[in-house]
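Readers should treat all values here as calculations from the given coordinates under stated rules, not as data from a laboratory. Note that the structure is a prediction, hence the values are computed from the model and not measured. Cβ atoms come from the backbone with ideal geometry, glycine included; neighbour counts cover every protein chain shown.
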Amino acid sequence: MVEPCYRPHKVWDPLLRALHWWNAAAVLILITLGTTIMVLGEELPHAVEDELITVHAAFGFLFGAGLMVRIIWLFTGPETARWKDLLPVTAKKRKVFWDTVRFYGGFLRGASPLYKAHNPFAGIVYAFFFAVASVQVISGAVTFNLPDKLRDKSVFLEVHETVYFLIIIYVATHVFAVVVHELVEGHGLISSMVNGNKAFTDGEWESLEDD
């Protein structure tokens with residue numbers, strides 16, 4: 001049996017890739033710091049806790065900046081970075097969406113869904129993350145700027161702590177999905193976020209270019 005010949009094709013632009021890793025690193029640091037503050041905060045000296053909160057806030061603002069640029073890039077970036085590539089707004093995107101549901105709902109039986117950049121099923125999850133992360137940045141900024149005596153009882157802190165758990169669930173699900181995509185679909189998704197290229201056969205690429 002002849003193995004299919006995969007060739008690299010440019011899919012992701014440099015800014016999108018840079019923002020992906022910027023935001024990913026910021027989220028992991030924020031989760032680490034946030035967990036430390038929540039678990040050990042009362043056991044730490046007040047000055048140490050305040051320092052951790054300040055560092056956490058600084059990375060929160062860095063993440064907020066990256067998130068804002070990514071949202072702007074949804075409307076101003078190249079085709080594969082735009083919101084129309086993220087969501088199933090066309091008939092072909094909706095077909096890929098349902099192909100994805102059937103493929104993974106059928107426990108990986110049949111042909112895997114074919115798409116150039118964003119899978120529209122995952123794209124809906126990304127859009128949800130952008131919204132949730134925006135709430136997290138805003139609630140965190142407001143909480144940080146409150147006086148200490150108001151911070152612990154603030155509704156913004158409650159929102160911030162609740163969304164923290166949603167983001168942890170998102171990160172775990174995202175990593176799991178990426179690993180499954182990498183092993184099952186075989187288009188080099190992980191490496192593509194470094195070099196910008198996904199691998200397709202000539203037939204697959206011709207099909208995608210006809211879209």
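Can you give the extra length, in nm with one decimal, that the chain gains between residue 162 and residue 94 once fully stretched, where that is 0.36 nm per residue apart less the Cα-Cα distance?
On the way: separation 68, 0.36 × 68 = 24.48 nm, distance 3.19 nm.
That pair, residue 162 and residue 94, stretches by 21.3 nm at full extension.
Can you give the extra length, in nm with one decimal, that the chain gains between residue 72 and residue 18 once fully stretched, where that is 0.36 nm per residue apart less the Cα-Cα distance?
On the way: separation 54, 0.36 × 54 = 19.44 nm, distance 1.44 nm.
Gain in length upon complete extension: 18.0 nm.
Kindly state, to the nearest 0.05, the FRET efficiency for residue 132 paired with residue 206, given R0 = 45 Å and r defined as their beta-carbon distance. Spell out each step's value before the answer.
On the way: r = 38 Å, r/R0 = 0.84.
Once the sixth-power term is evaluated, E becomes 0.75.
In the Gaussian network model of the chain, springs joining C-alpha atoms below 10 Å, which of 154, 139, 192 carries the largest mean-square fluctuation?
154
Residue separation times 0.36 nm, minus the C-alpha to C-alpha distance between residue 169 and residue 39: what's the value? Write out the running numbers ahead of the final one.
Values: separation 130, 0.36 × 130 = 46.80 nm, distance 1.81 nm.
Difference between extended and current length: 45.0 nm.
Which distance in Å, rounded to a whole number, links the C-alpha centroids of region 121-135 and region 21-96?
Cα centroid to Cα centroid, the span is 11 Å.
Enumerate the calculated ³J(HN,Hα) couplings along region 106-118 in order (Karplus 6.51 cos²θ - 1.76 cosθ + 1.60, θ = phi - 60°), each rounded to whole Hz, writing x wherever the residue is Gly or Pro.
x, 6, 6, 8, x, 7, 6, x, 10, 8, 7, 10, 7
For n ≥ 4 DSSP H runs only, could you compute -39500 (n - 2.57) per run for the chain, divide by its residues and tell me the 222 nm figure to the nearest 500?
Theoretical 222 nm ellipticity from helices: -24000 deg cm²/dmol.
Mind telling me which of 45, 88, 113 comes out most flexible in a GNM of the chain, alpha-carbon contacts under 10 Å?
Of the options given, 45 has the highest mean-square fluctuation.
If I model a spin label as a point 7 Å beyond the Cα along the Cα-Cβ vector, how far apart are those points for residue 197 and residue 183 in nm?
Calculated label separation equals 2.6 nm.
In a GNM of the chain with a 10 Å cut-off on Cα contacts, which of 27, 175, 69 has the highest mean-square fluctuation?
Its mean-square fluctuation being the largest, the pick is 175.
Tell me which of 189, 139, 65 sits at the most positive position along the dipole axis of the chain, charges placed on C-beta atoms (Lys, Arg +1; Asp, Glu -1).
189
For residue 12, what charge total do you get from the other residues with a beta carbon under 14 Å from its beta carbon, if Lys and Arg give +1 and Asp and Glu give -1?
+3
Of all alpha-carbon pairs in region 7-209, indicate the percentage at a distance above 23 angstrom. The partial results should precede the final answer.
On the way: 10380 of 20503 pairs.
When all Cα pairs of region 7-209 are counted, 51 percent exceed 23 Å.
Straight-line reach from residue 198: which lysines fall under 23 Å, measuring Cα to Cα and dropping same-chain residues less than 8 apart?
In chain and number order, the partners are 10, 84, 92, 93, 95, 116.
Provide the three semi-axes, in whole Å and in decreasing order, of the ellipsoid equivalent to region 127-211 as defined by the square roots of 5 times the Cα gyration tensor eigenvalues.
On the way: eigenvalues 340, 34, 20 Å².
Taking √(5λ) for each Cα gyration eigenvalue gives 41, 13, 10 Å.
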